[in-house]
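J.: The structure's right below; bear with me while I get my questions together.
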Amino acid sequence: MKNENLYKTLCEINGAENVLRDEPMKKHTTFRIGGPARCFCLPQTAAQLAETVEACEEAGEPWYILGNGSNVLVSDDGYDGVVIQLFHNFEAVRIEGCLMELEAGVLLVKAAHLAAREGLTGLEFASGIPGTLGGALVMNAGAYGGEMKDVVREALVMRKDGKLLRLKREELELGYRTSVIAREGYVVLSVLLELRKGDPEEIETRMQELRTARTEKQPLEYPSAGSTFKRPEGYFAGKLIMDAGLRGYRLGGAQVSEKHCGFVINTGDATAEDVMNLIRHVQSEVSRQFGVELEMEVKTLGF
Ligand SMILES: Cc1cc2nc3c(=O)[nH]c(=O)nc-3n(C[C@H](O)[C@H](O)[C@H](O)COP(=O)(O)OP(=O)(O)OC[C@H]3O[C@@H](n4cnc5c(N)ncnc54)[C@H](O)[C@@H]3O)c2cc1C
């Protein structure tokens, strides 16, 4: 990275082994796409995370929090700043009665399985979403009639100036794929879920049903970032795209999935440019044919 002093400071804070230069983002996104992040930091503790953000802010260097990269498209040129990844660390879990406190780097899949093991119901919807709790809260992730909003009691977040806030469900302003965290640029440190006592067998069965539904309906055999577009009011993005005649439409290595038209997939060698060109084409065709504007659900970085 250009700012050598910042690099040294980040190494002092996190340990040199946790500060990588020119790290290919394709290794950290489920799209398997993305050029290098000039710097890629893996803080191990909340204090290191706070100091890392403070150092970047002081140096005027852009920074970006990454979970499991399952909802992000990174440009082919990469990101000229510091990516701070919480996944792989921040994985503590505490369960007390119907309350589950999870650090931001815990995968939803793991959380759902832990809940099932404890006979706690409410998180079944999340058992096939490949994100972390942090990413899921920011996006108010949801599926099959459930969403984070239904199960979150409160969250511990950090502001850009390092101040910690404990926000209750109402204060999180969770809406369709959005939250106050996304709008204010907060960092999620941990999430407190409130679940209900249930029958472990029924919970397992429901999770299995949802897994089967996903495997049947979604192109899980290809890298993607899940649903590419938000659901436009009154419509389904996938159906509009199919009706526009774009099923299987391909640009370079990017393709509108034949299995589920709401997914843009990487058929193997897609570039971020292929994906963006395909997204723009889909948006303009759907707008031209049906007058509906498709908004991206997937976040972009480095464009
Ligand atoms: C096959 C597949 C299926 C999917 N199915 C669903 C589904 O059914 N429902 C659904 O809602 N989504 C789905 N997704 C999308 C994705 O898994 C979710 O949006 C998930 O919540 C993203 O979590 P993440 O940790 O991967 O976040 P990332 O992709 O790493 O980040 C997403 C956004 O959250 C921010 N972020 C991440 N962690 C934090 C944090 N700790 N603090 C602050 N900001 C943070 C990032 O800066 C970024 O803006 C799917 C994706 C795939 C690949």
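The values are calculated or read from the model by the stated rules, or taken from the named source; none is laboratory data. A quick note: this is a predicted structure, and the numbers were derived from the prediction, not measured. Cβ: placed from backbone, ideal geometry, glycine included. Neighbour counts: every protein chain shown.
J.: Check whether at least one residue in the range 26-37 is touching a residue at least 60 places away in the same chain (Cβ under 8 Å), crowded, with 23+ Cβ neighbours inside 10 Å, among the aliphatic types (A, V, I, L, M) and near the ligand (Cβ under 9 Å from one of its atoms), and report yes or no.
T.: No.
J.: Having 2 or more residues that are more than 11 Å from the ligand (Cβ to nearest atom) and among the charged types (D, E, K, R) is the bar; report the strands (runs of 3 or more DSSP E) wholly within the range 62-169 that clear it.
T.: 93-96, 152-158, 164-168
J.: Go through 19, 83 for me and flag whichever is under 30 Å from residue 266 (Cα atoms), β-branched (Val, Ile, Thr) and more than 18 Å from the chain's Cα centre (by Cα).
T.: After ruling out the rest, the residue left standing is 19.
J.: Return the residues of the range 97-109 that are of a type in the set (D, E, K, R) and either within 13 Å of residue 67 (Cβ to Cβ) or assigned by TED's automatic domain parsing to the domain that holds residue 44 (or both); say none if nothing qualifies.
T.: Matches in the range 97-109: 103 only.
J.: How about the range 50-61: which of its residues are in a loop (DSSP other than H, G, I, E, B) and among the small types (Gly, Ala, Ser)?
T.: Result: 60, single match.
J.: I'm trying to understand the selection: among the residues of the range 33-49, which are within 21 Å of the chain's Cα centre (by Cα) and within 13 Å of residue 90 (Cα to Cα)?
T.: 42, 43, 44, 45, 46, 49
J.: Is it the case that some residue within the range 284-299 is touching a Pro at 6+ places or on another chain (Cβ under 6 Å) and within 14 Å of the ligand (Cβ to nearest atom)?
T.: Looking for residues that are touching a Pro at 6+ places or on another chain (Cβ under 6 Å) and within 14 Å of the ligand (Cβ to nearest atom), one finds none in the range 284-299, hence no.
J.: Let me ask another. Kindly establish whether residue 10 is assigned by TED's automatic domain parsing to the domain that holds residue 160 and modelled with pLDDT of 95 or more.
T.: No, not satisfied.
J.: Would the range 223-231 turn up any residue that is in contact with a Cys (Cβ under 8 Å, 6 or more places away or on another chain), small (Gly, Ala, Ser) and buried (at least 18 other Cβ atoms within 10 Å of the Cβ)?
T.: no
J.: From the list 135, 122, 131, pick out the single residue that is touching a residue at least 24 places away in the same chain (Cβ under 8 Å) and either surrounded by fewer than 18 Cβ atoms within 10 Å (Cβ to Cβ) or more than 15 Å from the chain's Cα centre (by Cα) (or both).
T.: 122
Condition check ((1) touching a residue at least 24 places away in the same chain (Cβ under 8 Å); (2) out of contact with any helix residue (DSSP H, G or I) (no Cβ under 9 Å at 6 or more places or on another chain); (3) surrounded by fewer than 20 Cβ atoms within 10 Å (Cβ to Cβ)) across all residues:
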residue	(1), (2), (3)
168	no, yes, yes
172	yes, no, no
175	yes, no, yes
178	yes, no, yes
182	yes, no, yes
187	yes, no, no
203	yes, no, no
207	yes, no, no
216	no, yes, yes
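J.: Among the residues of the range 178-207, write down those that are within 13 Å of the ligand (Cβ to nearest atom), assigned to a helix (DSSP H, G or I) and out of contact with any Phe, Trp or Tyr (no Cβ under 8 Å at 6 or more places or on another chain). Lay out the reasoning, then the answer.
T.: Applying the first criterion (within 13 Å of the ligand (Cβ to nearest atom)) to the range 178-207 yields 178-191.
Those still in the list that are assigned to a helix (DSSP H, G or I) too: 180-184.
Within the range 178-207, 181, 182, 183, 184 qualify.
J.: Can you confirm whether the range 69-80 contains a residue that is within 20 Å of residue 7 (Cβ to Cβ) and surrounded by fewer than 19 Cβ atoms within 10 Å (Cβ to Cβ)?
T.: Yes, the range 69-80 contains a residue that is within 20 Å of residue 7 (Cβ to Cβ) and surrounded by fewer than 19 Cβ atoms within 10 Å (Cβ to Cβ).
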